[in-house]
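Trainee: Please read through the structure below; I'll follow up with questions.
The values are calculated or read from the model by the stated rules, or taken from the named source; none is laboratory data. Quick caveat: nothing in here was measured; it's all calculated off a predicted structure. Methodologically, a virtual Cβ is constructed for each residue, glycine included, from the backbone with ideal geometry; neighbour enumeration extends over all protein chains shown. What goes into the accessible areas is simple: the full protein's heavy atoms, side chains included, and nothing from ligands, DNA or RNA. Shrake-Rupley method; radii C 1.70, N 1.55, O 1.52, S 1.80 Å.
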Amino acid sequence: MRKILTFFRLIATGLVLARHDALVPPEFRGLLPFGTRLIGWLARFGLPLKEKNRGKRLARALEKLGPSYVKLGQFLATRNDILSEEVVSGLASLKDKMQPFSQQQAEAILLENYGENWQQIFPSFGPSVAAASVAQVHQAKTADGKTVAVKLLRPGIETRINRDVQTLQMGARLVQNWFVASRRLEPVRFVETVTRSLLLELDLRMEAAAASELAEVSTDIQQVVIPNMHWPLVRERVLVMDWLEATPLTDMDKLRRSKIDMNQLAELIPTSFLSFALDHGVFHADLHEGNMFAFADGRLGLVDFGIVGRIGPAQRRYLAEILYGFLRQDYRRVAEVHFEAGYVPDTHLVDDFAQALRAVGEPVFGKTAKDVSMGQLLLHLFAVTSRFDMHLRPELVLLQKTMVQVEGVARTLNPDHDLWAASAPIIERYIKRELGPEGIINDMTDDFLDLRDAVRALPAAINDLTALAKTTKAHGFSLDDDSLKRLSNWQAKANRIRDFGLLAGGSGLLLTAIKFVFFNG
Ligand SMILES: Nc1ncnc2c1ncn2[C@@H]1O[C@H](COP(=O)(O)OP(=O)(O)O)[C@@H](O)[C@H]1O
Ligand SMILES: [Mg+2]
């Protein structure tokens, strides 16, 4: 029964998308069966379509569909390795702003979490200062007179998100099983990532933990301030942290009027980001202006730790080596890094790859330093690597996307900001530390431990390896763990039969769903 309901919702979702003309690009519409085209046409009937950009149309549809779909859109916006520039840039217009829920509801949450005497815990509790689809933030004072930010989850949000998650999962399965062309996008895995992130957001203790972790690892990044979490008061639905007495970067006028050195701030944002990623392997992955503050003494404050990115030692090293290679315009070396790591299969030639890398690097470095974007360079690099059969780990794409965000903010602060000059010392420091003599000794110890573990696990691994070796030769080593998944893909075939039954049964509901969308949506 639940499946039927979910299927029904899926159809409703599809119709909202069709209504915004965001489902199928017009150029492919001719390929659809007549019935489907008719439904699309009916869904759009009578609607003037002003928006030309397909990504923007999709963004509006997703906003209408609610928080889970907004999140899906935010993740889709990071997939510029697969989606067109138009869609990706249109998706950047996604807005996660909502009417705040009432002060009464907010106080009810406090009552539920801290009991009758919550007013002793928060002698003053102000109105909402910012409201999004999942949570909203209030300013409050604690008993000891401290000003704090209190972030509250929206009432009833879990039910809604859990429902959406089921719909998304079913949609992804159907798409993956029925449209072979979609497999490159790996819809099921993609929705898994989105789902994981959505469910994490439903527990503010996880956000508090991310904040604490970032604060803990970044003691060497002294210019960055992460608000202190008030752990004894943190609950699943309530996050309490120090209020940052600083100017939000969204308030450019106030910033300009202040004495804060804008150039220094512009430098601090991307360099601290790079240092988080390279030196510590963990970074704040939602660095738009709304989540950043400038202190009077020039330090940078960060909030909103819902999404953190992690990159393991191997990817950090890869990242540092390619950035270093590009800095020195040593394309051959950058190419070799890809082959050595096994990222590009040896069915390709190093020199061909180096040539493609030169095509990425030269136009960029021909420009004056301030026009050189590291985020764009990585974006082009990833486009090229996919042509050479390299599978990218999603974390690297997340990093690239955040880099573009970060550079955008830095450029607003100082249009002449020279990102490469500012970043070079951080990249060089990493290379010297990890790949210099000291790094090599650490590596040897790591290798030895790896070897010992590998020998222990050998018998079980041998079977998998034989199969893997074949795929690796043919398709290259994928950075993600889907090589193993591919081995068990035959299971998907069995699921297909079940899905067909579902599809047949559910399609009877289609007409009812159309009615639902037209009269409720
Ligand atoms: N510690 C804080 N100090 C001051 N303002 C804060 C703090 N935390 C959040 N805010 C304000 O509330 C807004 C929303 O908080 P945020 O954590 O970014 O929520 P969301 O996940 O909804 O974007 C921020 O953009 C910021 O203006
Ligand atoms: Mg935010």
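Trainee: In terms of solvent-accessible area of protein heavy atoms at a 1.4 angstrom probe, what is the ranking of F190, F365, F283, highest value first?
Mentor: Order by accessible area, largest first: F365, F190, F283.
Trainee: Past 26 Å, Cα to Cα, is the threshold; run K259/K432; K56/K254; K71/K151; K3/K95; K3/K401; K56/K97 against it and keep the listed order.
Mentor: Beyond 26 Å: K259/K432; K56/K254; K3/K95; K3/K401.
Trainee: Still on this structure, please answer the following. With each pseudo-label sitting 7 Å past Cα toward Cβ, what's the R387-E236 distance in nm, one decimal?
Mentor: With each label point 7 Å from Cα toward Cβ, the separation is 5.0 nm.
Trainee: Also, quick follow-up: So how exposed is W178, as accessible area in Å² (1.4 Å probe, rounded to 10)?
Mentor: Here the accessible area works out near 100 Å².
Trainee: Another question, then. With no solvent and one point per C-alpha, what does the Debye sum give as log10 I(q)/I(0) for the range 311-409 at q = 0.11, 0.24 Å⁻¹?
Mentor: Treating every Cα as an identical point scatterer, log10 I(q)/I(0) equals -0.29, -1.46.
Trainee: Also, I was wondering about something else. Keeping all protein chains in position, work out how much accessible area K64 exposes to a 1.4 Å probe, and write it in Å² to the nearest 10.
Mentor: We get 110 Å² for K64.
Trainee: Would you give the gap between the C-alpha center of the range 61-77 and the C-alpha center of the range 197-266, rounded to a whole Å?
Mentor: Comparing the Cα centres of the range 61-77 and the range 197-266, I get a distance of 24 Å.
Trainee: Using a 1.4 angstrom probe with every protein chain in place, what is the largest-first accessible-area order of H391, H380?
Mentor: Details: H391 60, H380 90 Å².
Sorted by accessible area, descending: H380, H391.
Trainee: How much net charge surrounds D164 when only the other residues with a Cβ under 12 Å from the Cβ of D164 are counted, with Lys and Arg +1 and Asp and Glu -1?
Mentor: +3
Trainee: On to the next question. Hey, if we sort F276, F339 by accessible area with the 1.4 Å probe, largest down, what's the order? Don't skip to the answer; put the middle values down first.
Mentor: On the way: F276 10, F339 40 Å².
Listed by decreasing accessible area, they come as F339, F276.
Trainee: Could you compute the net charge surrounding L202? Neighbours are other residues with a C-beta less than 14 Å from the C-beta of L202; K and R count +1, D and E count -1.
Mentor: Local charge sum for L202: +3.
Trainee: Quote the accessible area belonging to D286 in square angstrom, nearest 10, computed with a 1.4 Å probe and with ligands, DNA and RNA left uncounted.
Mentor: 40
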